[in-house]
Structures are given as structure tokens and as C-alpha cells.
């Protein structure tokens with residue numbers, strides 16, 4: 001951090017305090033999360049032998065009189081939540097604790113001069129160990145994302161990647177963990193130079209403000225409008241030039257379901273699209289991107305992320321080798337995302353042709369890196385939430401973000 005911080009502040013002076021601090025002050029405080037000093041042989045199961053995984057940050061709903069009456073009359077409300085959500089919440093909280101500990105480990109590796117490929121491999125190896133990876137029952141939900149500068153999403157190192165992290169880089173860390181298919185999708189941004197702080201604050205504030213608006217029957221358009229208003233209220237000065245910040249409009253939050261990272265509902269960063277409502281019991285990834293560029297992400301570079309479509313069986317795959325490869329992918333990953341490094345790790349070195357054939361047949365989705373214009377910088381923050389009967393729980397919340 002050798003460069004001097006530039007004078008760059010939000011247009012709204014009242015937004016200087018972070019939303020995460022506001023949550024801590026205004027919401028009912030939860031039990032302090034268990035701090036762990038991880039030893040090489042400790043795993044999530046040895047740390048929590050009784051499976052009492054920490055609850056995420058909760059935001060209680062403010063009920064109207066009608067809702068209060070309805071709630072008080074429903075004497076089985078809490079029992080109902082216990083019956084339907086207890087096992088689901090346990091799986092999600094376990095995956096969330098793994099995410100917190102893995103990103104803590106990742107942060108010890110992320111420094112200028114580090115090779116991205118080494119970071120990806122070491123973090124994923126640690127995640128597999130810590131969660132006690134067990135096929136499709138527990139493990140990584142998608143590859144370790146490490147998108148730099150104008151690249152906003154879907155970048156992870158392919159085999160042979162020689163990219164070195166530099167002190168001037170803005171790095172987005174985005175990875176997923178799961179237990180029995182219940183996914184934690186969470187992301188944050190690291191910048192070594194404090195001149196980018198305003199950029200990071202914009203996406204962080206937008207994400208937390210969107211979370212505060214989230215709840216049962218919350219309208220997605222209102223949440224999107226809030227995201228856009230907050231991010232566009234910021235500007236940043238870099239190298240004596242002022243840049244207004246913009247959301248990336250074609251990257252957005254989304255609903256999640258068991259073994260499905262995107263389950264059909266999108267939360268756009270603007271007041272546009274169908275006026276849908278959030279639903280009780282559903283999981284959502286609240287995700288925002290702030291950019292100094294044009295606010296639109298396009299394909300950039302070689303693809304690394306792939307994912308089988310949920311209805312893969314309906315697609316016609318005739319070639320024998322492709323059928324065998326498809327069966328292999330279904331057994332290893334199901335409908336969870338994977339990357340070229342993972343295929344190599346499993347001994348599948350020559351897969352380009354089969355990946356191409358499955359993609360052409362429609363059975364396999366390709367997700368190449370997405371980025372704004374060259375020379376721009378993008379930040380990202382994301383949390384997974386679940387809408388409980390009386391509160392929103394920020395499952396992936398931690399002391400770090």
C-alpha cells in the first residue's frame with residue numbers, strides 16, 4: 001500500500017457509516033459467533049461435535065397490526081418453522097461456518113506477488129478438508145472465483161494460469177460451499193491500495209441496504225431501485241480523474257434452491273423487470289457490483305466455469321464418449337458448477353472436445369469470465385439470506401463483512 005489515498009467520498013454525506021455497523025447498532029444482537037483458532041487437523045465436525053452451528057445475523061420484521069394479529073393467532077407458527085426448516089437451517093449454517101473459516105484462511109494467502117492458481121488450489125484444498133468433502137453430500141458448491149479489476153465474475157484459474165496478483169489490483173473473491181445441496185454463495189472484495197475504498201464501500205452498502213429491505217412479500221423492484229440509488233450516489237477519484245459509479249446491470253442477485261445456484265428469480269440492480277415478491281422460506285443471494293465503467297459485463301477470455309442443466313436427461317447425447325463423460329459429470333457434480341482445474345484433478349485432462357459437444361447439445365452451460373470495459377474497476381459484495389417466519393437471517397454474515 002505505497003500509494004497515497006485519493007480524496008473520494010460518496011455524494012451522500014449521511015452514507016459515510018457502513019450499513020454493517022448500523023445493523024450491529026439497530027438490530028437485536030445475536031449470540032457472538034464462536035471464534036476458532038484453526039489447527040491443521042481440525043474440521044467443521046471436530047469443532048462442532050454437537051452440530052450447534054452459529055446462527056447468522058438476524059433482522060426482525062416490523063409487523064403491521066394485521067400481521068401481528070395473524071401471527072399471534074397462528075399458535076403453530078414456531079412449531080411449523082421448526083418442522084420445515086430445522087434440518088435445512090442446520091445444513092445452511094454448517095455451510096456458512098465453513099465459508100467463514102475458509103475465507104479467513106484465503107485472506108492469509110492473498111497478497112501482492114501471489115499466483116492466482118496457487119491461491120485457488122490451496123483454498124479449495126483447505127475447503128475440502130475442513131468441510132470433510134463427501135461427494136454430493138458436502139463440499140464446494142462452485143469454484144473459487146478470483147476476478148481482478150474490470151473482470152466482475154466467473155474468473156477462476158485454469159491449469160497453467162500464470163497471473164500474479166499486483167498491489168494495484170482490485171480482487172473479487174466469490175466461492176460457494178454446500179451441505180446436502182444447501183448452498184452458501186457469498187463474495188467480497190479486497191484492494192491493497194486504500195484509494196479504492198470508496199468503490200468497495202459502494203457495493204458493500206448497496207448489498208446491506210438491499211438485505212435490510214428483504215423480507216416476506218418484499219418487492220424485488222424496490223430492492224433493485226435501492227441498489228441503483230446507492231451505488232450511483234457514489235463517485236471516486238482515481239489518478240486525478242473523477243468516475244461516477246454504476247451498478248453492473250446484467251449481473252444480479254438471485255434465488256437459490258437445493259443443488260441449484262440459480263433457481264429462477266433474479267434481483268436486478270434497478271427498478272426494471274417483473275414486480276415479484278420475496279417468499280417465506282426461500283433463500284436468496286443478495287449480490288451487488290459497483291463499477292467505474294459502463295455498467296454492463298461482457299464475455300472476457302477463456303471459459304473456466306461449467307454447469308450441467310437441471311433437465312439434462314431430456315437432451316439428446318448420441319456419441320458414446322460424450323455419454324460416458326456426461327455420466328461422469330452427473331456423478332461428480334450433479335447440477336453444481338465445476339471448472340477445468342477440477343476435471344484435471346480427477347484425472348480428466350483431455351476434456352475440451354467433450355465439453356464443447358455437451359455445450360452444443362444444450363446439456364451443459366458455459367460461464368466465461370464477465371467484465372466491464374478495459375481499464376475500469378469493479379467491486380462486489382454478496383450474502384446468502386433465508387426468509388424465516390419472523391426475521392431475515394444473513395447466513396453468511398461474519399465479523400469480516
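The values are calculated or read from the model by the stated rules, or taken from the named source; none is laboratory data. Worth saying up front: this structure is predicted, and the values here are computed from it rather than measured. Note: ideal-geometry Cβ built from the backbone for every residue, glycine included; neighbour counts use all protein chains shown.
Quick notes on this one:
- None of 188, 196 is closer than 30 Å to residue 44 by Cα and buried (at least 19 other Cβ atoms within 10 Å of the Cβ) except 188.
- Every residue from the stretch 342-373 that is in contact with a helix residue (DSSP H, G or I) (Cβ under 6 Å, 6 or more places away or on another chain) and under 23 Å from residue 120 (Cβ atoms): 351, 354, 364, 366
- Residue within the stretch 328-336 that is surrounded by fewer than 20 Cβ atoms within 10 Å (Cβ to Cβ), touching a helix residue (DSSP H, G or I) at 6+ places or on another chain (Cβ under 7 Å) and either more than 28 Å from residue 89 (Cα to Cα) or not assigned by TED's automatic domain parsing to the domain that holds residue 351 (or both) present: no
- Within the stretch 242-273, the set of residues being surrounded by 15 or more Cβ atoms within 10 Å (Cβ to Cβ), more than 19 Å from residue 296 (Cα to Cα) and touching a residue at least 60 places away in the same chain (Cβ under 8 Å) comprises 256, 259, 260, 261.
- Taken over the stretch 337-353, the criterion of being free of Cβ contacts under 8 Å to residues at least 60 places away in the same chain and surrounded by fewer than 21 Cβ atoms within 10 Å (Cβ to Cβ) is satisfied by 345, 346, 347, 348, 349, 350, 351, 352, 353.
- For residue 276, the test of being under 24 Å from the mean Cα position of the chain (by Cα) and under 30 Å from residue 226 (Cβ atoms) is passed.
- Sub-7 Å Cβ pairs linking a first residue in the stretch 359-374 that is closer than 30 Å to residue 290 by Cα to a second residue that is part of a helix (DSSP H, G or I), at least 6 apart or interchain, are 364/355; 364/358; 366/359, ordered by first then second residue.
- Residues of the stretch 211-249 satisfying the condition of being within 16 Å of the chain's Cα centre (by Cα) and over 18 Å from residue 170 (Cα atoms): 211
- Taken as a whole, the structure places residue 292 among residues that are touching a strand residue (DSSP E or B) at 6+ places or on another chain (Cβ under 7 Å), more than 30 Å from residue 388 (Cα to Cα) and outside the structural domain of residue 361 (by TED's automatic domain parsing).
- When 361, 322, 389 are checked against the criterion of being in the same structural domain as residue 190 (by TED's automatic domain parsing), surrounded by 15 or more Cβ atoms within 10 Å (Cβ to Cβ) and over 23 Å from the mean Cα position of the chain (by Cα), 389 stands alone in meeting it.
- Residue match in the stretch 178-186 (condition: assigned by TED's automatic domain parsing to the domain that holds residue 245, more than 20 Å from the chain's Cα centre (by Cα) and touching a residue at least 40 places away in the same chain (Cβ under 8 Å)): no
- The strands (runs of 3 or more DSSP E) found wholly in the stretch 103-197 include none carrying at least 3 residues that are out of contact with any helix residue (DSSP H, G or I) (no Cβ under 8 Å at 6 or more places or on another chain) and modelled with pLDDT under 95.
- Of all the numbered requirements in (1) at pLDDT 95 or above; (2) in a loop (DSSP other than H, G, I, E, B), residue 281 misses one, and that requirement is (1).
- Scanning the stretch 217-241 for residues being part of a loop (DSSP other than H, G, I, E, B) and buried (at least 18 other Cβ atoms within 10 Å of the Cβ) gives a total of 2.
- Residue tally, condition under 12 Å from the mean Cα position of the chain (by Cα) and either farther than 21 Å from residue 191 by Cα or not assigned by TED's automatic domain parsing to the domain that holds residue 381 (or both), over the stretch 144-161: 0
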